[in-house]
Amino acid sequence: MIKATQDYIQATLAFRGEGSVTPAQITHLQKILLDHPGIKSVVETGFNLGISAAAFLSVSADITVVSFDWLTHPDSLECKNIIDGCFPGRHTLIAGDSLNSLPAFARIARPSCFDLAFVDGGHVWPVPYEDLVNLLALVKVGGGVVMDDYCPAYGNDGVIRAWDTCVAAGKIMELGDPLVDGNRGMVIGVKL
């Protein structure tokens, strides 16, 4: 795990709670960016405590992240302040229900303007499907797509169904087997 991410996690330890990624997942996300230095812009659903955003931002000083989140976690805004202190000017947090905020953002954003999408928002169908489809509209063809919580042991039938539906529809090509870390999972693909 990159030291800047470790430093961020240390700064947010008081805010621990539901809504994070495991150390193995953090390392996996950072490896994706290290192996693909052309990834400069990331869009994600699910900010919570900002661990995944910090993981992306700590890989390189020229990576930017846009996060969409309901901001229901009581410490999200404080963690956003810490992100801004650690990675000034490189993170944008858009508050609201992603089912509304993502399509609204897509209407004003340049199409296919992101290199990587990270889906880690709602888990109950159809939310993960809608998030995935809306994020795909923002990612360039050949861009990366990562979906967190793709693991039957975690009980995320909505997440699994969303990913599998998009793969079957030819929107995503899955790359390799999902990373499973205990009862957490993550699957990776590219936008077709």
Could you tell me whether any residue of the range 115-124 is modelled with pLDDT under 95 and either under 19 Å from L33 (Cβ atoms) or in a helix (DSSP H, G or I) (or both)? yes
Scan the range 134-162 residue by residue and report those that are buried (at least 16 other Cβ atoms within 10 Å of the Cβ) and in a helix (DSSP H, G or I). N134, L135, L136, Y154, G158, V159, I160, A162
Number of the condition not met by D97 [criteria: (1) crowded, with 20+ Cβ neighbours inside 10 Å; (2) without any contact (Cβ under 8 Å) to a residue 40 or more places away in the chain]: (1)
Give me the pairs, please: first residue somewhere in the range 70-82 and in contact (Cβ under 8 Å) with a residue 12 or more places away in the chain, second residue anywhere and of a type in the set (D, E), beta-carbon distance under 8 Å, and either six or more positions apart or on two chains. W70/D97; H73/E18; S76/D69
Could you identify the single residue in T45, T64 that is touching a Gly at 6+ places or on another chain (Cβ under 8 Å) and of a type in the set (S, T, N, Q)? T45
Sort through S112, S98 and tell me the only one that's touching a Lys or Arg at 6+ places or on another chain (Cβ under 7 Å), of a type outside the set (V, I, T) and within 28 Å of T5 (Cα to Cα). S112
Of P103, P152, P88, P178, which residue is free of Cβ contacts under 8 Å to residues at least 40 places away in the same chain and closer than 19 Å to K40 by Cβ? P88
Residues located in the range 115-126, provided they are within 13 Å of D69 (Cβ to Cβ) and surrounded by fewer than 24 Cβ atoms within 10 Å (Cβ to Cβ): G122
In this structure, is M173 part of a strand (DSSP E or B) and surrounded by fewer than 18 Cβ atoms within 10 Å (Cβ to Cβ)? yes
All-but-one check, A168 against (1) modelled with pLDDT of 95 or more; (2) crowded, with 17+ Cβ neighbours inside 10 Å, failing number (2)
With the condition kept exactly as written, say whether any residue in the range 15-35 is in contact with a Lys or Arg (Cβ under 6 Å, 6 or more places away or on another chain), modelled with pLDDT under 95, assigned to a loop (DSSP other than H, G, I, E, B) and among the hydroxyl-bearing types (S, T, Y). yes
Does S112 count as of a type in the set (S, T, N, Q), outside any loop (DSSP other than H, G, I, E, B) and touching a residue at least 12 places away in the same chain (Cβ under 8 Å)? no
Selection from the range 62-93 of residues that are in a strand (DSSP E or B) and of a type outside the set (S, T, N, Q): V65, V66, F68, D69, H91, L93
Mind counting the residues in the range 1-48 that are aliphatic (A, V, I, L, M) and under 22 Å from F105 (Cα atoms)? 3
Which residue out of A61, A95, A53 is over 20 Å from N134 (Cα atoms) and of a type in the set (G, A, S)? A61
Unmet criterion (only one of (1) acidic (D, E); (2) surrounded by fewer than 15 Cβ atoms within 10 Å (Cβ to Cβ); (3) in a helix (DSSP H, G or I)) for D131: (2)
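The values are calculated or read from the model by the stated rules, or taken from the named source; none is laboratory data. Given the structure is predicted, the values throughout are model-derived calculations rather than measurements. Neighbour counts run over all protein chains shown; Cβ positions are idealised from the backbone, glycine included.
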